Amino acid sequence: MVELILAADIGGTVIRVAIADLQGHILEKASTLVPKGPDARAVPLKVLELCDALSTKYGGRRSISKVSIAAIGPLDMTKGAIVRPANMPYDVVPIMDVLCNYFDATFILLNDCNAAVIAEKRAGAGKYVDDVVYITISSGIGGGAILDGKLILGKDGNAAEIGHTVVDMNIGMVCGCGKKGHWEAYCGGNSMPKFAKFLAENKYNNINSTLARRLREGTYNISAKDIFDYARCGDEFALIFIDTISEINGAGVANVVDAFDPSIISIGGSVALNNVDLVVDKLKPFVEQYALNRVPEIVPTPLGHDAPLIGAILAAIDPPPKSVFKTL
Ligand SMILES: [Zn+2]
């Protein structure tokens, strides 16, 4: 029977799943929203459901010899679980506990940005350099770094959790992780409406803006996408807000430049990729303003929304250290 890879990218909002052959060619692909219940097991069970739908014509689950999962952090590699994620309504998401029951396979687990930076190094913007950093600006903000050709992991495998570095100690917006002042609490897609509401109420309360007025009434029906849409329509407060988060994004990326000194930074994630002009292009001048180190090339990832998924497939073929959870 044919041997296949099941790869999944479990993000804060979307789960992407692919079936690939052992050479890394994607045969089938699908995506769905992260289930909000009844409990955390629904997340890995959704991966299983998509796997079953995609693999039927290749022999189903029995054809899967490698299961490679790229997931939002933080990860607990001993448990094979996501623990206290900032952007999911669960305390612990038991990825491997569930999936191990359904496959006779080698299991690989990686932080989604570590997977994406592997993809970037082997097949994307970082192919010709030894030092590459991937940054996602999505529901949350995260990073992965390959320095001197080596993926950096740290003691718990959570190195480069850059979205939770501090960019402000005055306003103190509360992050999804519960702590204050983190980059993600200002510029992550899930946090943008809350930060915009704060500014609309406290700093720009006299501005003539439909967005500001709606935010003052509540944020329940306003998303990050709405804010970008208002900016494209010329809403004065939306434009000020985009300028404000561009400076914070620039400071965050400058921290990355000074901490890792990469040759290239590729930026992915839906907030950045759907708004390259308003996010990636507008943060660049601020990186120059804040970074001490020589600022490298900063590009939107050429791998698009699939960067973590492609990384999961490549990691299944040649697993990086500490990423193998269980072997056949
Ligand atoms: Zn945080």
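For the chain, the relative contact order works out to 20 percent when only alpha carbon pairs closer than 8 Å and six or more residues apart are counted.
Suppose we look only past 36 Å in the calculated P(r) of the chain. What percent of the Cα-Cα pairs does that tail hold? Of the Cα pairs, 19 percent sit more than 36 Å apart.
For the stretch 171-177, putting each phi into the Karplus relation 6.51 cos²θ - 1.76 cosθ + 1.60 with θ = phi - 60° gives couplings of 6, x, 4, 8, 7, x, 7 Hz, in residue order, rounded to whole numbers and with x for Gly and Pro.
The H on the amide N of ASN111, modeled in the peptide plane, is under 5 Å from the matching H of ALA71, each at least 5 residues off or on a different chain. Sequentially through the stretch 95-102, phi angles give Karplus couplings (6.51, -1.76, 1.60; θ = phi - 60°) of 5, 6, 3, 7, 5, 4, 6, 10 Hz, Gly and Pro residues having no value and appearing as x. With Cα atoms as the point set, the stretch 67-223 shows a radius of gyration and Dmax of 18.5, 62 Å.
Could you check the simple spin-label distance between ASN221 and GLU297, using points 7 Å along Cα→Cβ, in nm with one decimal? About 4.6 nm, to one decimal. Taking label positions 7 Å along the Cα-Cβ direction at both ASN208 and ASN274, the computed distance is 3.0 nm, reported to one decimal. Scoring 75-85, 247-257 by mean Cβ neighbours within 10 Å over their residues and listing the highest first yields 247-257, 75-85.
A protection proxy built from the mean count of other Cβ atoms within 10 Å ranks the segments 206-212, 114-120, most packed first, as 114-120, 206-212. For the stretch 199-328, the relative contact order comes to 22 percent (Cα pairs under 8 Å, sequence separation of at least 6).
Modelled spin-label separation between VAL174 and ASP104, with each label point placed 7 Å from Cα along the Cα-to-Cβ direction: 5.0 nm. Residues in the stretch 192-209 carry Karplus couplings, in order, of 3, x, 5, 5, 4, 4, 4, 5, 4, 8, 9, 10, 10, 6, 10, 6, 8, 8 Hz; the curve used is 6.51 cos²θ - 1.76 cosθ + 1.60 with θ = phi - 60°, and Gly or Pro positions show x. For the chain, leaving out every one of the chymotrypsin sites (Phe, Trp or Tyr not before Pro) that falls in a DSSP loop and has at most 10 other Cβ atoms within 10 Å, the longest unbroken run is 1-127. Give me the percent of the accessible area of the chain that comes from carbon and sulfur atoms, probe 1.4 Å, all protein chains in place. Heavy-atom surface of the chain belonging to carbon and sulfur, 1.4 Å probe: 50 percent.
Peptides 273-281, 309-317, 1-9 ranked from most to least packed, by the mean per-residue count of other Cβ atoms within 10 Å: 309-317, 1-9, 273-281. Around the Cα centre of the chain, unit charges on the Cβ atoms of Lys, Arg, Asp and Glu (plus for the first two, minus for the last two) sum to a dipole of about 600 debye. Length available on full extension from THR32 to VAL129: 0.36 nm per residue minus the Cα-Cα distance, which gives 31.5 nm.
Relative to its Kirkwood radius, the Cα radius of gyration of the stretch 149-284 gives an Rg/Rh of 0.99. Using the Cβ-Cβ distance between ASP281 and LEU45 with R0 set to 56 Å, the FRET efficiency from 1/(1 + (r/R0)^6) comes to roughly 0.90.
The values are calculated or read from the model by the stated rules, or taken from the named source; none is laboratory data. On a predicted model such as this, the values are computed, not experimentally measured, just so you know. With ideal geometry, Cβ positions are generated from the backbone for all residues, glycine too; neighbour counts draw on all protein chains shown. When the accessible area is computed, the model is the full protein with side chains, heavy atoms only, and any ligands, DNA or RNA have been set aside. Shrake-Rupley method; radii C 1.70, N 1.55, O 1.52, S 1.80 Å.
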